[in-house]
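Asks: Pasting a structure here, questions to come.
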Amino acid sequence: MSKKKNFPTRLAAGLLLAILIDTALQLVWKSAVLSLPNDGSPWLNVQAVLHSPLFIFVIFLMACQFFNWLMVLGNADLSYAQPVTSLSYVSVFCLSVLYLKETTDLIQIAGIVCVLAGVWFISQTDHVTHSSERES
Amino acid sequence: MMGQNAIGVLLVVICALLEGVGQVFLKKSVLGAVRWYLWISFGVVILLIETMIYSQALLFLDVGAAYAISSLNLISVTFMSRCLLREKVTRIRWIGVCLIFIGVSLVAARA
């Protein structure tokens, strides 16, 4: 395993925020899509999107996610930051079980353990590739 | 004629590929590239197209299934980071990515 360099607090905060926003986005987006009229007309759907508070909120979350993500990318490799934000799978799962009272089983728990292990492996690598290290 | 699930899966797979390309463009914009605004603009356009396609996919698939298949984003982004950005993707990082992919698939398979 490669030796880890100093991990910036700003990057840690950015990654945490990215996970939180992604979790909210997944839950709100589905509700927003289900609230659209299902009449097959793209124009009416565009009008509905522009007047739907849920979609406006989705767009707001996406904008926040975008600017935060640019800050994260300025401090870390894309191949480092993107997998770490997969922790949102864990948070969505936990919220579903704790607050929506969805049932769970051993297979799902094994999946969550795999995600956590995967993120741990990635956290053991350097968060940034310096110009001299770029692979040819 | 493709079933609704198959259409949904195909749309989410297309989204995964677009995500890889869009993210590489965004990363290019913060690497101090000349004409960074072009990289960011193309990246945003690609991600917007992905968003529209993903919204359509949610009409065909449960959010759990769509979210699980969209974990292909990880493979796509890691592969493109290695090939297009020449990032140092070590074996440890690949193991992590594969574990996350398996984990997400297990969670979603039971959703």
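The values are calculated or read from the model by the stated rules, or taken from the named source; none is laboratory data. Fair warning: this is a prediction, and the values are worked out from it, not measured in the lab. Glycine also receives a Cβ, built like all others from the backbone with ideal geometry; neighbour counts cover every protein chain displayed.
Asks: Which of the residues belonging to the stretch A:85-107 are more than 15 Å from B:A68 (Cα to Cα) and either more than 9 Å from chain B (Cβ to nearest Cβ) or in contact with a Pro (Cβ under 6 Å, 6 or more places away or on another chain) (or both)?
Replies: A:C94, A:L95, A:V97, A:L98, A:Y99, A:L100, A:K101, A:T103, A:L106
Asks: Hey, another quick one. Sort out which residues of the stretch B:82-94 are assigned to a helix (DSSP H, G or I), in contact with a helix residue (DSSP H, G or I) (Cβ under 6 Å, 6 or more places away or on another chain) and either in contact (Cβ under 8 Å) with a residue 60 or more places away in the chain or crowded, with 16+ Cβ neighbours inside 10 Å (or both), and write them in order of number. Walk me through it before giving the result.
Replies: Quick first cut of the stretch B:82-94, residues assigned to a helix (DSSP H, G or I) only: B:82-84, B:91-94.
Next, only the ones that are in contact with a helix residue (DSSP H, G or I) (Cβ under 6 Å, 6 or more places away or on another chain) stay: B:84, B:92-93.
B:L84, B:R93 - these are the residues of the stretch B:82-94 that are assigned to a helix (DSSP H, G or I), in contact with a helix residue (DSSP H, G or I) (Cβ under 6 Å, 6 or more places away or on another chain) and either in contact (Cβ under 8 Å) with a residue 60 or more places away in the chain or crowded, with 16+ Cβ neighbours inside 10 Å (or both).
Asks: Could I ask something else about it? Considering only residues of the stretch B:20-55 that are at the interface with another protein chain (Cβ under 9 Å from one of its Cβ atoms) and surrounded by fewer than 18 Cβ atoms within 10 Å (Cβ to Cβ), which is farthest from the chain's Cα centre (by Cα)? Steps first, please.
Replies: Narrowing the stretch B:20-55 to residues at the interface with another protein chain (Cβ under 9 Å from one of its Cβ atoms): B:23-24, B:26-27, B:29-31, B:40, B:44, B:47, B:51, B:54-55.
Imposing the further condition that a residue be surrounded by fewer than 18 Cβ atoms within 10 Å (Cβ to Cβ) reduces the set to B:31, B:44, B:51.
Values: B:L31: 20, B:V44: 14, B:T51: 11 Å.
Across the stretch B:20-55, the extreme among qualifying residues is B:L31.
A quick yes/no check of all residues on (1) touching a Cys at 6+ places or on another chain (Cβ under 6 Å); (2) surrounded by 21 or more Cβ atoms within 10 Å (Cβ to Cβ); (3) facing chain B (nearest Cβ under 9 Å):
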site	(1), (2), (3)
A:S52	no, no, no
A:F57	no, no, no
A:A63	no, no, no
A:N68	no, no, no
A:V115	no, yes, yes
A:S123	no, no, yes
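Asks: Here is a follow-up. Determine whether the stretch B:64-80 contains at least one residue that is over 15 Å from the mean Cα position of the chain (by Cα), at negative phi and surrounded by 15 or more Cβ atoms within 10 Å (Cβ to Cβ).
Replies: So in the stretch B:64-80, the residues over 15 Å from the mean Cα position of the chain (by Cα) come out as B:64.
Remaining after also requiring at negative phi: B:64.
Then keep just the ones that are surrounded by 15 or more Cβ atoms within 10 Å (Cβ to Cβ); that gives B:64.
Checked the stretch B:64-80: at least one residue is over 15 Å from the mean Cα position of the chain (by Cα), at negative phi and surrounded by 15 or more Cβ atoms within 10 Å (Cβ to Cβ).
Asks: Let me ask something else. Looking at (1) modelled with pLDDT under 85; (2) closer than 23 Å to B:F60 by Cβ, which one does A:N6 not meet, given that it meets all the others?
Replies: Here A:N6 clears every test but (2).
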